[in-house]
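Just below is one structure, and these are the notes that go with it.
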Amino acid sequence: AHGEKGRNPSLKTQLACMPEDSAAVMECAGRIERHRTELLEAGRAGLRPASDGAQDARSALLAHCAFEEAAGEWAEAALVLEQSGELNDRVRASVCWEKDHQYGEAVRALGPLAARKDIQLRMAELREQAGDPAGAAAIYEHLERWQDACRTFEAAEQYSRAADCLIKTEGRDAYLQSQRYADLLVRGGRVGELVKLLIAHLAQDGGNHLV
């Protein structure tokens, strides 16, 4: 029997004692990744026959999905869910794609559900996260979510459309003395329209207020 000093240190202990950029750490990381890959392959091999021959194919697919999710393999989980044919599973697949930071795939997965307003809103949010403010703004505008549409049109440098969405929240009169509305019109190349609106507003107000 060996004492405490004779025991082999754990992998965690070994790694903690090594410089982060050392060759030994890289070698250990490589071994861990190879071992992980082998485990994933073995797990998938055990699940696939059930997916092919089970009477309840969806249950088998969900079991396979749960395995991929537990492993943090979000893209694989999404692909499995898309095979089920169930619309609700499409929503889950989209969430998995999002967790994998593949926002374009997250939008694509929701395609068959695009007629639903809640799904349209989700697609707008995903497009915004993916760096497509113009695409998100068009959907927000369609859904009459004017504040969101204004914000994303402005982010997309579509200032004229941002101004149009801004005034729909409370009406044009509420924003005639708003610096933001004026800025959007100017940046959108609508200076002449802004001047006319201000003149008309001042005339209507008896000239008592200036912007």
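Annotations for the structure displayed:
- Counting only Cβ charges, +1 for Lys and Arg and -1 for Asp and Glu, the dipole size of the stretch 79-125 around its Cα centre is about 160 debye.
- With the simple model of a label 7 Å out from the Cα in the direction of the Cβ, residue 87 to residue 101 spans 3.3 nm.
- Tensor-based shape of the stretch 56-113 (alpha-carbon gyration tensor, a/c under 1.5 rounded, otherwise prolate or oblate): oblate
- In a simple Cβ point-charge model (Lys, Arg +1; Asp, Glu -1; nothing else charged), the stretch 57-211 has a dipole of about 520 debye relative to its Cα centre.
- The label point for residue 142 and the one for residue 191, both projected 7 Å from the Cα toward the Cβ, are 3.6 nm apart.
Just so you know, all these numbers are worked out from the coordinates, no wet-lab data involved. As the structure is a computational prediction, the values presented were derived from the model and not from experiment. So basically every Cβ, Gly included, is an ideal-geometry build from the backbone, and we count neighbours across all protein chains shown.
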